[in-house]
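All of the numbers you see were taken from the coordinates with simple rules; none came from a lab. Since we're looking at a predicted model, the values are computed, not measured. Cβ atoms come from the backbone with ideal geometry, glycine included; neighbour counts cover every protein chain shown.
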Amino acid sequence: MIGFKGKRPKRKGGVLTFAAIVLVIAGVFYNWNYTLQTEEFELKFADLPPAFDGFRIAIISDLHDAKFGKENAKLIDAVRGLNPDIIALTGDVTDETDQVPDALNTVRALVEIAPVYYVSGNHEWEDGGIRELFAGLPEVGAAVLRNEIIPIERGGDVIYLIGLEDKNGPADMEQPESVFARKPDGFSVTLIHRNTYLERLAPLGANLILCGHAHGGLIRLPGTDGLLDHNLSLFPTHTSGVYTSGATTMLVSRGIGNHTGIPRVMNKPHIPVAILKREV
């Protein structure tokens, strides 16, 4: 009996240690998956019109109906804190049609911060909701760009916002080469969902591309650009941050939501902001 009593504290201490380790691991994974990270990128361009020096574009990509606080209040506050001049909503807002009302409520709040411009992602076309989004987004004040070019004016200068439809769109839709062929001369910012268009758009004269799609590679270990993309393909590229090809710069968001079922590792939900700077 004496020997038995002497071992009990060790067993209790082992249980407490195990429980503490579990709690720490759970906290780390919660932080990686449910804590928003905002990140500023200063991007320099020699041909940026002077009035747009310091222009700020927040990127919200791959929301996938994720929730951060009641009515996405934490997400809205994070975007507001970035003080954007415009907000780029670069696709995969929803996965299912029944998620559209929540998405529209989130966008309605974002529009109160800055003008919102939306381009479609693959999931809206694959899993439903695209027609409801196309109808509902303008009703809450957001612009839907379907292979369209619109001017943005500031201080007497103009840049052009190009919104390219996701390739899962209509089979007969206009292709990027045709869209760029009708772009007026001047600096352009291209919104597109997928992160795979840098080499295709660079020869067309794209200045800046903003996109998402790859979810940051999901598991980001040192020395990698992520281990898995959203399709669970190994070792994807161009998944987070800035990439260049010639005079073209691409900024990739790691996205916010996650439909894969695989938790993010060292890869927090990501809201980048592009800060356009005039290179002197």
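Values for this structure:
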item: On Cα atoms only, tilt of 2-34 relative to the major axis of the chain in degrees; result: 10
item: Structure-based [θ]222 nm, the chain - -39500 (n - 2.57) summed over DSSP H runs of at least 4, per residue, nearest 500; result: -8500 deg cm²/dmol
item: Shape category assigned to the range 71-186 from the gyration tensor of Cα positions, a/c cut at 1.5; result: oblate
item: Sorted peptide list for 263-275, 241-253, criterion being average Cβ within 10 angstrom, highest first; result: 263-275, 241-253
item: Residues whose placed amide H lies under 5 Å from that of residue 271, excluding near-sequence neighbours; result: 37, 38, 39
item: Three-way shape label, the range 139-187, alpha-carbon gyration tensor, a/c 1.5; result: oblate
item: Residue-by-residue Karplus 3J(HN,Hα) for the range 50-65, coefficients 6.51, -1.76, 1.60, Hz, glycine and proline x; result: x, 5, 9, 5, x, 4, 10, 10, 7, 10, 10, 10, 6, 5, 6, 6
item: In degrees, nearest ten, helix 130-139 long axis to first principal axis of the chain (Cα); result: 70
item: Cut-off under 5 Å, modelled amide H: who pairs with residue 116 long-range; result: 87, 143
item: Residue with peak Gaussian network fluctuation, the chain [Cα springs, cutoff 10 Å], from 98, 172, 47; result: 172
item: Amide H within-cut-off set for residue 188, under 5 Å, with H built and near neighbours excluded; result: 160, 207, 208
item: Order by protection proxy (mean Cβ within 10 Å, highest first), peptides 149-161, 80-92; result: 80-92, 149-161
item: Radius ratio Rg over Rh of the chain, counting only Cα atoms, Kirkwood formula for Rh; result: 1.09
item: Most mobile of 103, 19, 51 in a GNM of the chain (Cα contacts under 10 Å); result: 19
item: Sparse-neighbourhood loop sites, GluC sites (Glu not before Pro) in the range 105-141 - DSSP loop, at most 12 other Cβ within 10 angstrom; result: 112
